[in-house]
Each structure stands twice: as C-alpha cells, then as structure tokens.
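Comments concern the structure below.
The values are calculated or read from the model by the stated rules, or taken from the named source; none is laboratory data. Worth saying up front: this structure is predicted, and the values here are computed from it rather than measured. All Cβ positions, glycine included, derive from the backbone under ideal geometry; neighbour counts span all protein chains shown.
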Amino acid sequence: MAKKFEIRNSTAEFLIFTVADKEQGVEVLYKDESIWATQKVIATLFDVDRTVVTKHLKNIFDTCELDKEVVCAKIAHTTEHGAIDGKTQTKEVQYYNLDAIISVGYRVNSIRATQFRQWCTYVLRQFAIRGYVIDKKRMENGSFIGEDYFEHLLAEVREIRLSERRFYQKLTDIYATAIDYNRDAPTTRLFFKKVQNKMHYAV
C-alpha cells in the first residue's frame, strides 16, 4: 500500500486548509506523485454529501473529461477482523487522484468548493504571469520532495540559461551584420547591457 502523508502537495495544501476547522484531519495517500482520496474524503473536503461527489464523478467519466483507468485506483487496506480476534482482513478501496479531485471541485456548488476554485484560478494566474509557481510549504516541509528533486530543478535552470546564451549569441550575430557595427561603441555596449538585464530579470 502507498505511504500515508499529510497533505503537502501544491494544490492539496489548500485542501487541508479548508478543513482546518474540523476536529479531525483528512487522511489521504501519496502515490505515483499524486494525492489520492476516497469519495468520502472528497465529500469532506468540499463539504457536500458523498452522493454529490458520486454524481459528478460519473458525469466526468461519461463525458470523457478524464480517463477512469488513469485517475482511479483500488488500494488494499488491511484492518483487524471484526469477528475473529487476532486476525486481519484486507479490503480494496477505490481512490481518485488529484486530477479527479480538481474536476469535482470545479463542479461542486458549495462555499468551500468556490474557495477551492478561486485558489486554483490564483495559481493558474501566477503561472501564466511568472511562468512558474513555487510551493513554499512544500519546499520547507520536504515531505513530497524526492532525493533528485533539486537536481531536476537545477537542470531546468541550466537549460534556461543555455537558451539565454543561444538567444544572446544569435542577437549578437544579427547585430554584427549592420554596416556601421562597432562592438566598442557606447551605443552597442548600452544596447547589449539592456538586453542582458531584461533577460536576467525574466529568468
């Protein structure tokens, strides 16, 4: 069975916030780099009846918005046997990943679901404007950061820097084709200084 964690994923971080007023926290699973929850847990997250979640999930799959084979998984739970002391029993429970949770959140009509949609809109807007979203809680907590997480992050930064150098070189080549090109001229130096500053700011 997948390991059990607190919700510390970028999107799921908001979900734990929405149920902070509850006496008992919500148990989820972290598996295959995603958050997984049962229909009961999803209903608790959005403060609706479980039948509402069932209805929306059925519509999501019927309209092929999501592939049921991808976003659903049956995970075995081992518990104590209710009738026989010292014995255990295993039961498969249906779980839904974060994609399914988000899709339900966009369909549910409740205050908590509205807050969830507002949060998703905020995250998407930040990504559209800045090109990235950093989950500070996730970085500080480290629960969902694998051993090679920072290596991947550094590799992406290096790739950005490499693209920057390529662009800068092409710009230099184009600029050099000008008839009156002078690499030591004040206007030339000023131009490339401004280009570098803008590129560094963007990165």
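Sort through Thr38, Thr11, Thr54 and tell me the only one that's modelled with pLDDT of 50 or more, surrounded by 17 or more Cβ atoms within 10 Å (Cβ to Cβ) and either over 14 Å from Ala73 (Cβ atoms) or not small (Gly, Ala, Ser) (or both).
When all the criteria are applied, what remains is Thr38.
When you scan the stretch 61-81, do you find a residue that is among the basic types (Lys, Arg), farther than 20 Å from Arg117 by Cα, out of contact with any Cys (no Cβ under 9 Å at 6 or more places or on another chain) and modelled with pLDDT of 85 or more, even just one? Steps first, answer last, please.
Taking the stretch 61-81 as the starting set, the residues that turn out to be among the basic types (Lys, Arg) are 68, 74.
In the following step, the residues that additionally are farther than 20 Å from Arg117 by Cα were identified as 68, 74.
Retained after the next criterion (residues that are out of contact with any Cys (no Cβ under 9 Å at 6 or more places or on another chain)): 68, 74.
After this cut, where a residue has to be modelled with pLDDT of 85 or more as well, the list is 68, 74.
Yes, the stretch 61-81 contains at least one residue that is among the basic types (Lys, Arg), farther than 20 Å from Arg117 by Cα, out of contact with any Cys (no Cβ under 9 Å at 6 or more places or on another chain) and modelled with pLDDT of 85 or more.
Could you figure out which of (1) within 12 Å of Gly105 (Cα to Cα); (2) out of contact with any Phe, Trp or Tyr (no Cβ under 7 Å at 6 or more places or on another chain) isn't true of Ile42?
The number of the failed condition is (2).
If Phe127 satisfies every condition in (1) modelled with pLDDT under 70; (2) outside any loop (DSSP other than H, G, I, E, B); (3) within 30 Å of Ala76 (Cβ to Cβ) but one, which is the exception?
Here Phe127 meets the rest and fails (3).
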